[in-house]
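Only the coordinates and a few stated rules stand behind these numbers; no lab work does. Note that the structure is predicted; figures quoted are calculated from it, not measured.
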Amino acid sequence: MKKTGENRERKERKPYTPGKGKRQRILTGAVVAAFASALAIFGIMVSMERSVLAKYEKREIYVVTEPIPQGMILTAENLFDHAELRSVDAGCVPESALASPDAIEGLISRYPIETGTLLTAGMFVSPEEGMRGLIDPVLVGFKAEDLYQVVGGILRPGDRVHIYAADEALGETALRWSDLFIANAFDASGSELTGSGSGGSRYNIYLSQADVEEFYQGMDSKSLRVVKVCE
């Protein structure tokens, strides 16, 4: 009876398998490595997805719907007659893009702007720029006929001019003021021009206050010459 019990005990024992623990450690390591690799691949895929989506990210910017003439002063009233806010691919939008009415109102177009153009700050000039470098700037008004020459009478808001003073006694002409800013232009009836094709009859320019008297004396003597700055 004793031997029979011993035989049964021997049968119930599981056979010893050499290297089993080592194989389990290898298997565990492989699972961990696979999991880590899967996480790395997932991270790469997420990064790639973000990169792809970034290319399709949208930004709002004003786009020209009707041509904007040179010298037009953009206001809250006429802005939406010439431009509208659109969502475009962010990659196509420059840093200087104009995307709010407050950023556009009061700006003056430097040159004609065609339909479909994305509006940026570099396309416009502000009155503040026209006063740069002046001491106690003031607005000075004059008529085209007050000056001996005014580029055929065609000047527009946003234009810059050089003014020369002629000395008839010496027969010499010298530059007196440079880069003066045309702030406003008016037709013969006194209506303000905002970029129309015809030239104005009256103009306002920014000038240092100390130079106003000399400027008007030059107009009275018809000794001033105007040259438009071409950009």
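Taking amide H positions as modeled 1.01 Å from N, with prolines and chain starts lacking one, the residues under 5 Å from Glu66 and 5 or more places away or on another chain are Ala83. For region 97-149, list log₁₀ I(q)/I(0) at each q in 0.12, 0.16, 0.23 Å⁻¹, using the Debye formula over Cα point scatterers of equal strength and ignoring solvent, two decimals each. Once normalised to I(0) and log-transformed, intensities are -0.44, -0.69, -0.96. According to the square roots a ≥ b ≥ c of the eigenvalues of the Cα gyration tensor, what is the shape class of region 61-137, taking rounded for a/c under 1.5, prolate for a/b larger than b/c otherwise, and oblate for the remainder? Since a/c reaches 1.5 and a/b is larger than b/c, the shape of region 61-137 is classed as prolate.
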